[in-house]
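Data block below; observations after.
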């Protein structure tokens, strides 16, 4: 069964389930999505395109599964897809299509989520990558106010030796540490995400037999301007610096990346 058939079946079953239950009418579902255009697509520092632009359509369905007044404030489920189309490709432009499911637990000053992502290439440009991720995020806005750093740590485990982000010899484990300070004004918001990507095991080995523990460092600035209550226009610039193995694969020590896009939320 093709990826498109699987996606159509999943969407169809979801619509049938939603339509069959009157209880869903009482659920405050959140639908977000958008379309971004960038000059360079690097997945966790690893270069994915060589020239022209990459176009990213995406959509996410957020389902509030539970809420309470105790230590655990909320349980949420997110289902979504993220895609990349490369204008430089001579045949199929559809470079990547990802499907994911996330179970999130919200606390007063932290959030914990568990995620499964299926990374596929409809154009058959890379092997199917299956990944399980755990993310812990902190909310320090109560202590730091507008200077809040919003730190997080992400652990991602590749589940098969047959498909890895670095196209290496064995499944790897990825670690990401980051902060996302920002400011929201009446007419726009600005964020300054900073992160470092590391290999806990075999994530940046690229079939060389030697794993590079430091993958990449990223610092960016992103401006978002609301267009009414449900839409926005956003754009940003990012600087990335690479570890030894990523540097050798990318063919560059550093990269500058710019992007622009539109987003919606209902």
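Length gain on complete extension for the stretch residue 28 to residue 265, per 0.36 nm per residue less the alpha carbon to alpha carbon distance?
Contour length minus the Cα-Cα distance gives 84.1 nm.
Between residue 69 and residue 187, how many nm apart are label points set 7 Å from Cα along the C-beta direction?
About 4.2 nm, to one decimal.
So, R0 is 30 Å and r is the distance between the beta-carbons of residue 51 and residue 103; what FRET efficiency does that work out to, to 0.05? The partial results should precede the final answer.
Numbers: r = 39 Å, r/R0 = 1.28.
Rounded to the nearest 0.05, the efficiency is 0.20.
Sort 226-233, 55-62 for me by packing, meaning the mean count of neighbouring Cβ atoms within 10 Å per residue, highest on top.
Top of the packing list down: 55-62, 226-233.
Is any residue of the stretch 77-116 close enough, with backbone N under 19 Å, to a label point placed 7 angstrom from the Cα of residue 43 along the Cα-Cβ axis, and if so, which?
Those under the cut-off are 80-102, 115-116.
On the Cα set of the stretch 71-138, report Rg and Dmax in Å, please.
Rg then Dmax for the stretch 71-138, in Å: 15.9, 53.
What does the stretch 53-201 give for Rg and for Dmax, in Å, if only its C-alpha atoms count?
Values for the stretch 53-201 (Cα only, Rg and Dmax): 17.8, 55 Å.
Find how many whole Å separate the alpha carbon centroid of the stretch 57-135 from the alpha carbon centroid of the stretch 181-205.
With the stretch 181-205 and the stretch 57-135 each reduced to a Cα centre, they are spaced 17 Å.
Return the FRET efficiency for the residue pair residue 144, residue 248: r is the Cβ-Cβ distance, R0 is 35 Å, and the value is rounded to the nearest 0.05. List each step's numbers first, then the result.
Working: r = 39 Å, r/R0 = 1.12.
Here the calculated transfer efficiency is 0.35.
Looking only at the stretch 164-203, which residues have a backbone nitrogen under 16 Å from a spot 7 Å from the Cα of residue 88 in the C-beta direction?
Correct set: none at all.
What percentage of all Cα-Cα pairs in the chain are separated by more than 30 Å?
Distances greater than 30 Å cover 32 percent of the Cα pairs.
Every number in this text was worked out from the coordinates using simple rules, so none of it is lab data. On a predicted model such as this, the values are computed, not experimentally measured, just so you know. Neighbour counts are summed over all protein chains in view; Cβ atoms, including those assigned to glycine, are modelled from backbone coordinates with ideal geometry.
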